[in-house]
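What follows is a single structure, written as structure tokens, with notes after it.
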Amino acid sequence: MPDRATPKRPIESGAVQKDKGLVRSLNRAVTRDHKAHPGEARPGRLREPSACERCGAIFMRRTWRQGHPVTLAVLDRAHWTVCPACEQARRREGQGRILVRGRFAESHDADIRARIRNVATRAASTQPQRRLVSVEREGDTLEVLTTSQKLAHRIVHELRKSFRGRAAYSWSDDGTLFATWSRER
């Protein structure tokens, strides 16, 4: 049986022979940009560990976490502050805005609100910075504000999956998401 190994190319003078792995690693070497971590969007870096006065989330290893066991030693040296999600909720601003429209949405308001709440609860269990800011009805439209555009996208996707209907997404240059979901019958 013939050897299936690819034949080696002759090395040119002064050139280094590169295999696929080396070429791929060199291509990816400069792909990471040096933007600030979302938890560090404020000027300056937060001290670790930091704890939120309102929701109890802990900032460790450059990530906000909630529901993990914390020792008294960590709490003693924690810097008490307000997390970005609590600050967004206080200012009533968000990165995701959803409009739920249609006669179906109006007649099934309780089911839709329950689905939105379930999706937000599931997301907050692993990522406490993704949460609902407000859910309000104005006329025949239900408006939902979220702290992250990813949570808004997930909510609209789950509404479409659960109740069918039409979804539309529009991202702006500043990273916010405006999404609509509607179903007539």
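Summary table
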quantity	calculated
Candidates ARG117, ARG130, filtered to the one that is among the charged types (D, E, K, R), in contact (Cβ under 8 Å) with a residue 40 or more places away in the chain and outside the structural domain of THR63 (by TED's automatic domain parsing)	ARG130
Residue match in segment 23-38 (condition: surrounded by fewer than 16 Cβ atoms within 10 Å (Cβ to Cβ) and at pLDDT 90 or above)	no
Residues of segment 143-153 that turn out to be more than 17 Å from GLU93 (Cβ to Cβ) and modelled with pLDDT under 95, as a count	0
Segment 130-139, residues that are in a strand (DSSP E or B) and farther than 12 Å from GLU106 by Cα	LEU132, VAL133, SER134, VAL135, GLU136
Verdict on VAL156 being at pLDDT 95 or above, within 25 Å of PHE59 (Cα to Cα), within 16 Å of the chain's Cα centre (by Cα) and surrounded by 15 or more Cβ atoms within 10 Å (Cβ to Cβ)	no
Residues satisfying the stated conditions in segment 133-155, i.e. among the acidic types (Asp, Glu) and either on the phi > 0 side of the Ramachandran plot or touching a residue at least 12 places away in the same chain (Cβ under 8 Å) (or both)	ASP140, GLU143
Hits in segment 108-131 (condition: farther than 18 Å from GLY67 by Cα and either loosely packed, with under 13 Cβ neighbours inside 10 Å or not basic (Lys, Arg) (or both))	HIS108, ASP109, ALA110, ASP111, ILE112, ALA114, ILE116
Residue that is nearest to the chain's Cα centre (by Cα) [pool: residues in segment 53-65 that are surrounded by fewer than 19 Cβ atoms within 10 Å (Cβ to Cβ) and in a loop (DSSP other than H, G, I, E, B)]	ARG62
Whichever residue in segment 159-174 is within 18 Å of ARG113 (Cβ to Cβ) and touching a strand residue (DSSP E or B) at 6+ places or on another chain (Cβ under 9 Å) and, among such residues, is surrounded by the fewest Cβ atoms within 10 Å (Cβ to Cβ)	ARG160
Enumeration of residues in segment 66-104 that are part of a loop (DSSP other than H, G, I, E, B) and either buried (at least 17 other Cβ atoms within 10 Å of the Cβ) or not charged (D, E, K, R) (or both)	GLN66, GLY67, HIS68, PRO69, VAL70, THR71, ALA78, VAL82, CYS83, GLY94, GLN95, GLY102
Every residue from segment 72-114 that is among the acidic types (Asp, Glu) and either under 25 Å from the mean Cα position of the chain (by Cα) or not assigned by TED's automatic domain parsing to the domain that holds TYR169 (or both)	ASP76, GLU87, GLU93, ASP111
Single match in VAL100, VAL119 (criterion: under 23 Å from THR63 (Cα atoms) and of a type in the set (A, V, I, L, M, F, W, C))	VAL119
Filter result for the condition that a residue is outside any loop (DSSP other than H, G, I, E, B) and more than 13 Å from the chain's Cα centre (by Cα), over LEU142, LEU151	LEU142
Members of segment 53-88 found to be among the polar types (S, T, N, Q) and within 16 Å of GLN127 (Cα to Cα), listed by number	THR63, GLN66, GLN88
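The values are calculated or read from the model by the stated rules, or taken from the named source; none is laboratory data. Please read all numbers here as calculations on a predicted model, not as lab measurements. Cβ coordinates were reconstructed from backbone atoms using ideal geometry, including for glycine residues, and neighbour counts include every protein chain displayed.
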